[in-house]
Amino acid sequence: MTPRRGIFITLEGPEGCGKTTQLDILAQWLRDRGLDTLTTIEPGGEPVAERIRHMLLHDDDPLMAKTELFLYLAARAQHVERVIEPALQAGRIVLCARFSDSTLAYQGYARGLDLGFIRHANLFATGGIEPDLTLVIDVPVEVGLGRQMDRNRMEAESLQFHQKVREGFLKTAEESPGRVKLIDGTGDVETVSRRIISVVEGCVGK
C-alpha cells in the first residue's frame with residue numbers, strides 16, 4: 001500500500017509527553033503496513049540544522065527571544081528544503097517530532113513574541129509546507145517534567161513557562177480542529193499509541 005502523494009504528520013506537545021517514543025512506535029506500525037516512512041525531528045534532522053539544535057538546546061550562552069526564534073526558523077528552512085520536501089515529493093510519509101506549532105507555543109505563547117509575525121515568518125521558512133495531520137500529545141506539565149532526567153536549556157525553564165507552552169498547544173488544537181488532533185498522553189505507552197493509531201488510520205487508510 002503506497003500513498004499517491006506524501007503525507008506529513010507532526011507530533012507535538014509539552015516536554016515529556018512522549019513524542020519520540022510514540023514517533024518510533026507509529027513509524028513501525030506504518031512500515032509494517034508497507035508504507036515508506038521517514039522519521040525526523042526538530043530542531044535538527046539535517047547537518048546544518050543539527051548544529052543549530054546544539055546552539056539552541058545545549059549552549060550556555062543566553063539567547064534573546066528574537067534570536068531564539070530566528071534560529072528555530074533557520075533550522076526549519078534547512079530541514080524542509082533538504083529533508084522534508086524531497087521526501088514528500090517522493091511520496092513518502094514523513095513523521096516529524098516538533099514543527100511550526102512548537103514555535104508558536106514556545107516562542108509565541110510562552111516567550112510572548114507576536115503570534116502573527118511568527119506565523120508569517122514560518123510560512124516563509126517552510127515555503128508554505130504545513131502538516132496534513134498534527135498530533136498534540138497532551139500531559140499535565142508536572143507529569144511531563146517529572147519524566148525528564150537530564151534537562152536541556154529549554155526543559156530547564158520555569159514551571160510557569162511550561163504551563164504557557166501547554167496552553168499554547170491547547171489553543172492551537174482548538175483553533176485548527178481539522179488538522180490538529182489532541183491525544184490524551186496519560187496512561188502507559190501502549191494505551192497512548194493505540195489512541196494515536198486510531199487517528200492516523202483515518203489519514204493514511206487502514
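The values are calculated or read from the model by the stated rules, or taken from the named source; none is laboratory data. A quick note: this is a predicted structure, and the numbers were derived from the prediction, not measured. When we count neighbours, we look across all protein chains shown, and the Cβ atoms used for this are built from the backbone with ideal geometry, even at glycine. All accessible areas refer to the heavy atoms of the entire protein, side chains included, with ligands and DNA or RNA removed. Shrake-Rupley method; radii C 1.70, N 1.55, O 1.52, S 1.80 Å.
I want to confirm something. Restricting to segment 91-111 and keeping residues that are in contact with a Gly (Cβ under 6 Å, 6 or more places away or on another chain) and not in a helix (DSSP H, G or I), which single residue is most open to solvent (accessible area, probe 1.4 Å)?
Only one residue tops the list, namely ARG92.
Restricting attention to segment 144-188, report how many residues are surrounded by 11 or more Cβ atoms within 10 Å (Cβ to Cβ) and either farther than 22 Å from LEU57 by Cβ or not small (Gly, Ala, Ser) (or both).
Number satisfying all stated conditions: 30.
Determine which single condition ALA90 fails, assuming it passes every other condition in (1) over 17 Å from the mean Cα position of the chain (by Cα); (2) over 17 Å from PRO14 (Cβ atoms); (3) without any contact (Cβ under 8 Å) to a residue 24 or more places away in the chain.
Looking at each condition in turn, ALA90 falls short on (3).
So, in segment 14-37, exactly how many residues are crowded, with 19+ Cβ neighbours inside 10 Å and at pLDDT 95 or above?
The number of residues fulfilling the criteria is 5.
Criterion first (open to solvent by 50 Å² or more (accessible area, probe 1.4 Å) and of a type in the set (A, V, I, L, M, F, W, C)) does LEU135 satisfy it?
No: the conditions fail for LEU135.
Out of segment 1-26, which residues are among the small types (Gly, Ala, Ser) and closer than 11 Å to ARG92 by Cβ?
GLY6
Counting only residues that are open to solvent by 20 Å² or more (accessible area, probe 1.4 Å), aliphatic (A, V, I, L, M) and in a helix (DSSP H, G or I), how many does segment 122-132 have?
1
If I ask for residues that are among the aliphatic types (A, V, I, L, M), within 20 Å of ALA110 (Cα to Cα) and assigned to a strand (DSSP E or B), which ones from segment 136-192 would you list?
VAL136, ILE137, VAL180, LEU182 - these are the residues of segment 136-192 that are among the aliphatic types (A, V, I, L, M), within 20 Å of ALA110 (Cα to Cα) and assigned to a strand (DSSP E or B).
For segment 55-66, name all the residues that are free of Cβ contacts under 8 Å to residues at least 12 places away in the same chain and either open to solvent by less than 60 Å² (accessible area, probe 1.4 Å) or within 18 Å of the chain's Cα centre (by Cα) (or both).
LEU63
Picking from ILE7, ILE52, ILE41, which residue would you name as being open to solvent by 50 Å² or more (accessible area, probe 1.4 Å) and of a type in the set (A, V, I, L, M, F, W, C)?
It is ILE41.
When segment 72-100 is examined, which residues are found to be under 22 Å from VAL165 (Cα atoms) and touching a Lys or Arg at 6+ places or on another chain (Cβ under 9 Å)?
Result: ALA75, ALA97, ARG98, PHE99, SER100.
What single numbered condition from (1) out of contact with any helix residue (DSSP H, G or I) (no Cβ under 7 Å at 6 or more places or on another chain); (2) in contact (Cβ under 8 Å) with a residue 24 or more places away in the chain; (3) among the aromatic types (Phe, Trp, Tyr) fails to hold for PHE117?
Of the numbered conditions (1) out of contact with any helix residue (DSSP H, G or I) (no Cβ under 7 Å at 6 or more places or on another chain); (2) in contact (Cβ under 8 Å) with a residue 24 or more places away in the chain; (3) among the aromatic types (Phe, Trp, Tyr), the odd one out for PHE117 is (2).
Hey, does segment 163-171 have a residue that's in contact with a Gly (Cβ under 9 Å, 6 or more places away or on another chain), over 22 Å from ALA49 (Cα atoms), at pLDDT 95 or above and of a type in the set (Gly, Ala, Ser)?
Yes, segment 163-171 contains at least one residue that is in contact with a Gly (Cβ under 9 Å, 6 or more places away or on another chain), over 22 Å from ALA49 (Cα atoms), at pLDDT 95 or above and of a type in the set (Gly, Ala, Ser).
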